[in-house]
Amino acid sequence: MAHLILASSSPRRRELLAQLGLAFDICSPDIDETALPGESAAVYVERLARVKAKAVQLQYPDAVVIAADTSLGLDGHILGKPESKQHAFEIWEKISGRTHDVFSGVCVRTKEQICSIVVRTQVEFQILSLSDMESYWATGEPVGKAGAYAIQGIAARYIPCIAGSYSNVVGLPLYETVQLLQTVKALN
């Protein structure tokens with residue numbers, strides 16, 4: 001099997017990829033993650049996944065690099081990671097009582113091939129009260145998470161329904177990642 005490298009420092013992506021029983025190394029690239037003006041969430045996550053994969057591929061030219069990025073989209077806007085408690089509350093006010101999209105861009109790259117995909121999952125969020133927001137923020141879980149929540153954690157209590165890939169919402173759509181790995185012949 002090929003030498004696999006996960007281009008991410010995310011513990012969630014590491015756990016998800018490990019679920020597949022694959023041996024891999026970690027190399028987290030240092031890239032600018034600023035969204036471009038007018039960039040949609042879908043375009044943004046695919047661009048970042050490709051940039052991350054390229055940065056790591058330059059360091060490990062003989063490896064198969066897996067890179068991903070996840071973000072929320074609502075009303076044509078990207079909802080990223082909260083920069084503060086106030087920002088988290090602003091995000092929750094936008095998604096409260098609504099359905100939003102979670103997009104993950106995944107790129108698998110070898111020195112010969114570059115394959116990428118964007119996966120979309122729709123997530124319904126219950127109406128959050130100020131008390132819900134205060135309690136959830138106090139757990140510390142929303143920090144560093146796209147959309148200021150972790151579906152695999154406490155936030156599951158606020159999510160009555162999803163349509164699409166659960167692992168996508170966590171941060172790495174596993175089915176699609178395997179398909180990309182098979183495309184570049186990194187898996188049998």
Completion exercise
Looking across segment 58-71 at residues that are part of a strand (DSSP E or B) and of a type outside the set (Ser, Thr, Tyr), the single one that is surrounded by the fewest Cβ atoms within 10 Å (Cβ to Cβ) is Val64
Problem - Test for Val106: is it closer than 17 Å to Val184 by Cα and either outside any loop (DSSP other than H, G, I, E, B) or at pLDDT 95 or above (or both) - result: yes
Practice task
Could you tell me whether any residue of segment 46-57 is of a type in the set (S, T, N, Q), closer than 16 Å to Ala2 by Cα and either crowded, with 23+ Cβ neighbours inside 10 Å or more than 18 Å from the chain's Cα centre (by Cα) (or both)?
Solution key: yes
Exercise for the section: Please state which of the following conditions Arg12 fails to meet, knowing it meets all the rest: (1) modelled with pLDDT under 95; (2) surrounded by 15 or more Cβ atoms within 10 Å (Cβ to Cβ); (3) within 21 Å of Lys111 (Cβ to Cβ). Expected result: (3)
Practice task
Please work out which one of (1) closer than 24 Å to Asp132 by Cα; (2) touching a residue at least 40 places away in the same chain (Cβ under 8 Å); (3) touching an Asp or Glu at 6+ places or on another chain (Cβ under 9 Å); (4) part of a helix (DSSP H, G or I) is the condition Ile78 fails and give its number.
Solution key: (4)
Practice task
Filter segment 91-138 for residues that are of a type in the set (A, V, I, L, M) and without any contact (Cβ under 8 Å) to a residue 60 or more places away in the chain and give the result.
Solution key: Ile91, Ile95, Val119, Val123, Ile127, Leu128, Leu130, Met133, Ala138
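The values are calculated or read from the model by the stated rules, or taken from the named source; none is laboratory data. Here the structure is a predicted model, which means the values were calculated and not measured. Cβ atoms come from the backbone with ideal geometry, glycine included; neighbour counts cover every protein chain shown.
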